[in-house]
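Have a look at the structure below before the remarks.
Any read-out appearing in this document is the output of simple, stated calculations on the displayed coordinates, not a laboratory observation. Source: prediction; values computed, not measured. Cβ placement follows ideal geometry from the backbone for every residue including glycine, while neighbour counts extend to all protein chains displayed.
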Amino acid sequence: MSETNTGSERIWHLVVYGNPRTKKTSNEIHLTVHKKNVVGWVQRQLALINDPVRLIRAILSRVKVQPSKLWRKWAKDAPIVAGGGGFPVDCPCHVTATFYRERAIGDLLGYMQGIADLLQERKYITNDRLIVNWDGSRLAKDNERPRVELTIKEEVSRETS
């Protein structure tokens, strides 16, 4: 068996400034109903009262869970300095992230979920499912300059024959 490298590895570096945020803390629940259709929607739901299961399903189908306002603001406004070019990343990749927080709170998994969604939302990666590992990622504290430092490496497929 031989191992072949199918191409050179691409590497991207990013720094996301501001205190990193997790997505899973303080989620908000919203009932999504178009303002124009509120009266009609309510009338239809009232008609379903004799079938409580259908009523509950109808209501729950309109419920949307959103991340906290703090995460949404951070994801929208955080300055990002990117190097390596060629964004968005559209291949399987390995991410190493160091989360420099103002305070030593939160868990690593929550921060990884938050930064992955931020990268996707801001179009630095086409889909966060492309992240195949987070090896070497860690939490740190820096109350003077909170930020997230990221290195994204293209997964180089190795075929055996």
field: Phi to ³J(HN,Hα) by Karplus 6.51 cos²θ - 1.76 cosθ + 1.60 over segment 111-119, Hz, x for Gly, Pro
entry: 5, 5, 4, x, 6, 4, 5, 4, 4
query: So between ASP128 and ALA82, what do we pick up on full extension, going 0.36 nm a residue minus the alpha carbon distance?
result: 14.8 nm
- request: Could you go through segment 93-102 in sequence order and give the Karplus-derived ³J(HN,Hα) for each residue, using 6.51 cos²θ - 1.76 cosθ + 1.60 with θ = phi - 60°, rounded to whole Hz, and x for Gly and Pro?
  value: 8, 10, 10, 10, 10, 10, 9, 8, 9, 5
message: Under a Cβ-only charge scheme (Lys and Arg +1, Asp and Glu -1), can you give me the dipole magnitude of segment 60-140 about the Cα centre, in debye to the nearest 20?
response: 420
query: Counting other Cβ atoms within 10 Å, which GluC sites (Glu not before Pro) in segment 118-161 have at most 12 and lie in a DSSP loop?
result: GLU144
- request: With label points built 7 Å along Cα→Cβ from the Cα atoms of LYS69 and LEU139, find their separation and express it in nm.
  value: 2.5
